Amino acid sequence: MRVVQKFGGTSVGSLDRIRATASLVERSVREGHETAVVVSAMSGETNRLIGMARELSDDPPARELDALVATGEQVSAALLAIELNRRGIRACSWTGAQAGFLTDSRHSRARIQRIDSKRLLARLKAGEVPVLTGFQGVDEAGNITTLGRGGSDTSAVALAVALQADVCDIYTDVDGIYTTDPRIVPEARKIERISYEEMLELASQGAKVLQNRSVELAMRHGMPIHLRSSFEDVPGTLVTSEDETMERASITGVAYNRDEAKITIRGIPDHPGIASEVFGPIADADINVDVIVQNVSEEGTTDITFTVPRGDFGASMRILEGVCRKMKARDVKGDDTVAKVSIIGVGMRSHSGVARKMFATLAAEGINIQMITTSEIKITVVVGENEVDRAVRALHAAFGLEKGAGE
Ligand code: ADP
Ligand code: ASP
Ligand code: MG
């Protein structure tokens, strides 16, 4: 077998953890698998580096921030390679640039364009273990780029696809994907197998256990992901194509995202093209708009409300104040204390009354729903940030997702 093993921050968070991780790599090699490894920075390191840059400057150049944070992964890759060599395993660390991860030039949110894997493949076939820095690449001009927070997952899946691996093992500090974040709901249940589609919705709606782009990539190429613990040797969760053996409950999981802000432009004179006048400048600034609601307001005017990532709130408000003046709209209002809560499941296609149950559950908790959006397998509501934990727990219980419930 050919496998890619990815180890997250806690799995390389100390020298002891690096030794434990080396044991997992060693086992794979001794079992005869061609093994390539991707690592994250030691836990806390990326935040520490960003913190230093921000102490120096409110607006550090994006290029230098990427050059800075990319060092975190280089440290853990080299340390793991050192430990593997000590154990008699031939291993070499590779930075994103050395490993041929070519990306576009969008610093801190770059996308992998291609991986020139010829050299890596030759070394792998010769019995060496390449240990790659996750989260980073290089653009056409030779600048170091990074793939967005949590991006090592995407590096690992991209590598698995490029090397035509049989599976991408993602090792982390939980032993699988749960029905919701076990840090919020200790009764959450481990899911044995989950479809790409559902995992993509969970990840996109805030379950940071996998970066959503890693799931997108795995789905596109049919690359199985096995998410498992580097602390405990137990089977994890298989993320794979939908099949008949999967559960058919109405809901598979609950996700939340606190990283949200809501903006409303009121009293926009209604005429064709207003949505593009509002969202064009936001898109030009590379800001992702998410939930959108447009309402008829007073005679001849309309209101538009939408959400953006909280980190883009200030920039969005500045842009929209300009747009508001130009369009002669009444005003712009913002709220950066909102959050999203979503229920997800392919079972929604065949179960009716799921939305009604969600809204009734939140009503019984006295939680006010500010916005609603749905897809075929997902319902998302925007609520106040301080209501997230309560909403997640109530929905998790109402849909019978706890351990032992209704299985
Ligand atoms: P790593 O550093 O290994 O990449 P992360 O912190 O990025 O690890 O992801 C693992 C964490 O994701 C878990 O500790 C858990 O709190 C969180 N998490 C959020 N939602 C879920 C979920 N549905 N199932 C499992 N873990 C989840
Ligand atoms: N070290 C990076 C981060 O903290 C990438 C990763 O861990 O996947 O976001
Ligand atoms: Mg992660």
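Assorted remarks:
- Near pairs, Cβ below 7 angstrom, 6+ apart or cross-chain, from segment 206-233 (at positive phi) to any residue that is within 15 Å of ligand 3 (Cβ to nearest atom) and modelled with pLDDT of 95 or more: 206/255; 206/257
- The residue that is farthest from ligand 3 (Cβ to nearest atom), among those in segment 137-147 that are in contact with a helix residue (DSSP H, G or I) (Cβ under 9 Å, 6 or more places away or on another chain) and open to solvent by 10 Å² or more (accessible area, probe 1.4 Å), is 143.
- Selected residue (criterion: nearest to ligand 3 (Cβ to nearest atom)) from residues of segment 253-277 that are under 17 Å from residue 305 (Cα atoms) and among the aliphatic types (A, V, I, L, M): 261
- Elements of type strands (runs of 3 or more DSSP E) in segment 77-128, at least 2 residues being more than 22 Å from residue 149 (Cβ to Cβ): 91-94
- Flag: residue 167 does not match the condition of being of a type outside the set (Lys, Arg), touching a Cys at 6+ places or on another chain (Cβ under 7 Å), open to solvent by less than 40 Å² (accessible area, probe 1.4 Å) and within 18 Å of residue 239 (Cα to Cα).
- Taking the criterion of being under 13 Å from residue 148 (Cα atoms) and part of a helix (DSSP H, G or I), the residues of segment 31-49 that qualify are 46, 47.
- Test: residue 183 is within 16 Å of ligand 3 (Cβ to nearest atom) and modelled with pLDDT under 95: yes
- Residue 74 open to solvent by 10 Å² or more (accessible area, probe 1.4 Å), in a helix (DSSP H, G or I) and modelled with pLDDT of 95 or more: yes
- Exactly one residue among 40, 28, 14 is more than 16 Å from ligand 2 (Cβ to nearest atom) and open to solvent by less than 50 Å² (accessible area, probe 1.4 Å), and that residue is 28.
- Evaluation of residue 402 against the conditions (1) crowded, with 21+ Cβ neighbours inside 10 Å; (2) in contact with an Asp or Glu (Cβ under 7 Å, 6 or more places away or on another chain); (3) of a type outside the set (Lys, Arg) shows that the sole unmet condition is (1).
- Every condition in (1) closer than 21 Å to residue 35 by Cβ; (2) within 14 Å of ligand 2 (Cβ to nearest atom); (3) open to solvent by 10 Å² or more (accessible area, probe 1.4 Å) is met by residue 94 except one, and the failing one is (2).
- Of the residues making up segment 328-345, those that are basic (Lys, Arg) and in a strand (DSSP E or B) are 333, 340.
- Exactly one residue among 365, 321, 376 is over 24 Å from residue 256 (Cβ atoms) and open to solvent by 60 Å² or more (accessible area, probe 1.4 Å), and that residue is 321.
The values are calculated or read from the model by the stated rules, or taken from the named source; none is laboratory data. Bear in mind that the values here come from a model prediction, so they are computed numbers and not experimental data. For neighbour counting, all protein chains shown are included, and Cβ atoms are generated from backbone atoms with ideal geometry for every residue, glycine included. Please note that ligands, DNA and RNA were not included when accessible areas were found on the heavy atoms of the full protein model with its side chains. Shrake-Rupley method; radii C 1.70, N 1.55, O 1.52, S 1.80 Å.
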